[in-house]
Amino acid sequence: MEYIERKIKIGEADPIALLGANDAHLHLLESRFPATIIFRNNTLSLRGSPEEIRQLESVISEMLYVLKRKGTLTLDDVEEIIELSDNTQPSSSSEQPVSTGRTVNDVILWGRKDPIRPRTDRQREYVEKVSRSDIVFAIGPAGTGKTYLAVAMALAALRSNRVQRIILTRPAVEAGESLGYLPGDLFEKVHPYLRPLLDAVSDMVAPDKLKNLNERQIIEIIPLAYMRGRTLNNAFIILDEAQNTTVGQMKMFLTRLGHGSKAIITGDVTQIDLSPRAQSGLLDVQGILRGIEGIEFVYFDKSDVVRHRLVMDIIDAYERSEQQRSQQQTPTDPAPQ
């Protein structure tokens, strides 16, 4: 059997963090790969078959990437990296390998705890369309990852210096309670409307880092009304809850896009909170912008729900209720005389 040798320098990475306390991560690699692995002088020396070494290099490269992004590396992280690497290896038989839909390279962002990656085919379509287009509309029910993945993609673009800042915005639609009667200053009044966006960012960025980025206006979380008159260059812009924009607000938002910028617009057309007289900008824009190069639409459905399993059941129940109401409101033909 042919054997080859490779050396991987770990650079500035902490050897204990990379290899684990008492070499736990190194022992895990040795238990999964027949190859010889020796660490000396800040260098990992690998010896084994070409296929083993190729896979080990991929795993160690990913371990270094995760450690750099997260600042830590757990045994669970290493287990998952090895598992994903196994799933991407070509089969030696004539049969095609079974795809799990997950690969080492499909991680959008390493969050504070876990890697963030698309989990359904529609989510993968979403990520692909955002990578190739400057404006993407993500439309579908709650729990399908529209906003969460959008924030992850924005942070990934910021970390790789593809954009210089992130703008997160929502319409502050009043639902039974006027902003003027809410306590506090302007920020405190609009904060409840922006909280879901802040929650998503907080899952991915440490509090002190987020505070620093916010103070430097690298990440802005603002009401939609504050977008008027601005031109946003080299920015990743996310408009959430877009079903609650009016036609005029949607046009205003879309025309803020400047050079080197991307925009994601998310919404659920079944949860419009506008007054009956106002037309939703998200409904209107689907007919106006369809077919324009550089603008794409992704439509999620209940099969893409990745929250608690009851969320899908709740959506089903509401759909059945709406159908029953529609049937009851449909006039029946008069009986023949």
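When you look at SER94, is it open to solvent by 80 Å² or more (accessible area, probe 1.4 Å), at pLDDT below 90 and not basic (Lys, Arg), yes or no? In short, yes. Just one residue in the set GLU215, GLU241 is in contact with a Ser or Thr (Cβ under 9 Å, 6 or more places away or on another chain) and among the acidic types (Asp, Glu); that residue is GLU241. Exactly one residue out of ASP268, ASP304 is surrounded by 18 or more Cβ atoms within 10 Å (Cβ to Cβ) and touching a Lys or Arg at 6+ places or on another chain (Cβ under 6 Å), and it is ASP304.
For the stretch 49-91, taking the residues that are surrounded by 13 or more Cβ atoms within 10 Å (Cβ to Cβ) and in contact with an Asp or Glu (Cβ under 7 Å, 6 or more places away or on another chain), the one that is modelled with the highest pLDDT is identified as SER49. Of all residues in the stretch 26-67, those satisfying the criterion of being touching a residue at least 40 places away in the same chain (Cβ under 8 Å), of a type in the set (D, E, K, R) and under 30 Å from ARG159 (Cβ atoms) are ARG32, GLU57, GLU62. Among the numbered conditions (1) crowded, with 18+ Cβ neighbours inside 10 Å; (2) under 23 Å from the mean Cα position of the chain (by Cα), tell me where LEU310 comes up short. All conditions pass for LEU310, except number (1).
Evaluated against (1) open to solvent by 10 Å² or more (accessible area, probe 1.4 Å); (2) aliphatic (A, V, I, L, M); (3) farther than 29 Å from VAL205 by Cα; (4) touching a helix residue (DSSP H, G or I) at 6+ places or on another chain (Cβ under 6 Å), LEU46 falls short on exactly one condition, (1). When LEU224, LEU213, LEU198, LEU239 are screened for being open to solvent by less than 60 Å² (accessible area, probe 1.4 Å) and farther than 10 Å from LEU168 by Cα, only LEU213 passes.
Residues in the stretch 1-15 that are free of Cβ contacts under 8 Å to residues at least 40 places away in the same chain and touching an Asp or Glu at 6+ places or on another chain (Cβ under 9 Å): none.
The values are calculated or read from the model by the stated rules, or taken from the named source; none is laboratory data. Bear in mind that the values here come from a model prediction, so they are computed numbers and not experimental data. FYI the Cβ positions are ideal-geometry reconstructions off the backbone, even for glycines, and counts take in every protein chain you see. To get the accessible areas, we keep the full protein, side chains included, count just its heavy atoms, and leave off ligands, DNA and RNA. Shrake-Rupley method; radii C 1.70, N 1.55, O 1.52, S 1.80 Å.
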